[in-house]
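J.: Here it is, the structure in full.
The values are calculated or read from the model by the stated rules, or taken from the named source; none is laboratory data. Everything numeric in this text was worked out from a predicted model, so none of it was measured. No Cβ is skipped: glycine too gets one built from the backbone with ideal geometry, and neighbour counts run over all protein chains shown. Just the protein is used for accessible areas: all its heavy atoms, side chains included, with ligands, DNA and RNA removed. Shrake-Rupley method; radii C 1.70, N 1.55, O 1.52, S 1.80 Å.
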Amino acid sequence: MINVKFFHSENGAPLGFSFKGHAGYAAHGSDIVCAAISSVAYMTANTIIEIMKIDAEVDVNEDGAMALKVPEESAEKTKELLLGLELHINELKKQYPKNVTITTEV
């Protein structure tokens, strides 16, 4: 199961995400759920850091877990990108409810 957590400010602005675990949909290297979530996580992180030049906190560990948080003063700049990520993950959860869990933290 991939555990997804979205971080929001007290006023509801998206500030980041955390992805942990493995989907368990298919064998390692063939898991389309893991691949979809990994791909969108790296695309989002790379866009925020490399393209938008925002100094976000990023943590990627050896197990493949990833977390990213943007500073609150950058929330307006990254809002649409992070909301798009949330939409994408929520749609994946609808397709693969046994493989993805989603929580939100304020």
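J.: What is the one condition in (1) open to solvent by less than 80 Å² (accessible area, probe 1.4 Å); (2) aliphatic (A, V, I, L, M); (3) touching a strand residue (DSSP E or B) at 6+ places or on another chain (Cβ under 6 Å) that Ile49 does not satisfy?
T.: (3)
J.: Any residue at all in the stretch 16-28 that is among the polar types (S, T, N, Q) and either out of contact with any strand residue (DSSP E or B) (no Cβ under 7 Å at 6 or more places or on another chain) or closer than 19 Å to Lys94 by Cβ (or both)?
T.: no
J.: Within the stretch 18-41, take every residue that is without any contact (Cβ under 8 Å) to a residue 24 or more places away in the chain and either closer than 16 Å to Gly84 by Cβ or buried (at least 16 other Cβ atoms within 10 Å of the Cβ) (or both) and give me the one that is farthest from the chain's Cα centre (by Cα).
T.: The residue in question is Asp31.
J.: Let me ask something else. Name every residue in the stretch 1-54 that is assigned to a helix (DSSP H, G or I) and touching a Leu at 6+ places or on another chain (Cβ under 9 Å), in order of residue number.
T.: Val33, Ala36, Ile37, Val40, Ala41, Met43, Thr44, Ala45, Thr47, Ile48, Ile49
J.: When both residues are 6+ apart or on different chains and their Cβ atoms are under 7 Å apart, which pairs have a first residue that lies in the stretch 89-105 and is under 19 Å from Ala26 (Cα atoms), and a second that is among the polar types (S, T, N, Q) and at pLDDT 95 or above?
T.: Going by the 7 Å Cβ cut-off, the qualifying pairs are Thr101/Asn3.
J.: Restricting to the stretch 55-76, give me the number of residues that are of a type outside the set (A, V, I, L, M), assigned to a helix (DSSP H, G or I) and open to solvent by less than 70 Å² (accessible area, probe 1.4 Å). Spell out how you get there, then give the answer.
T.: Narrowing the stretch 55-76 to residues of a type outside the set (A, V, I, L, M): 55, 57, 59, 61-64, 69, 71-74, 76.
Cutting the leftovers down to assigned to a helix (DSSP H, G or I) gives us 72-74, 76.
Those left that are additionally open to solvent by less than 70 Å² (accessible area, probe 1.4 Å): 74.
Residues flagged as of a type outside the set (A, V, I, L, M), assigned to a helix (DSSP H, G or I) and open to solvent by less than 70 Å² (accessible area, probe 1.4 Å) within the stretch 55-76 amount to 1.
J.: Just to verify a result, which residue in the stretch 77-106, among those that are assigned to a strand (DSSP E or B) and open to solvent by less than 80 Å² (accessible area, probe 1.4 Å), is farthest from Ala35 (Cα to Cα)? Spell out the reasoning first.
T.: Step one: of the stretch 77-106, the residues assigned to a strand (DSSP E or B) are 100-105.
Adding the requirement that they be open to solvent by less than 80 Å² (accessible area, probe 1.4 Å) leaves 100-103, 105.
Working: Val100: 13, Thr101: 16, Ile102: 17, Thr103: 20, Glu105: 24 Å.
Selected residue: Glu105.
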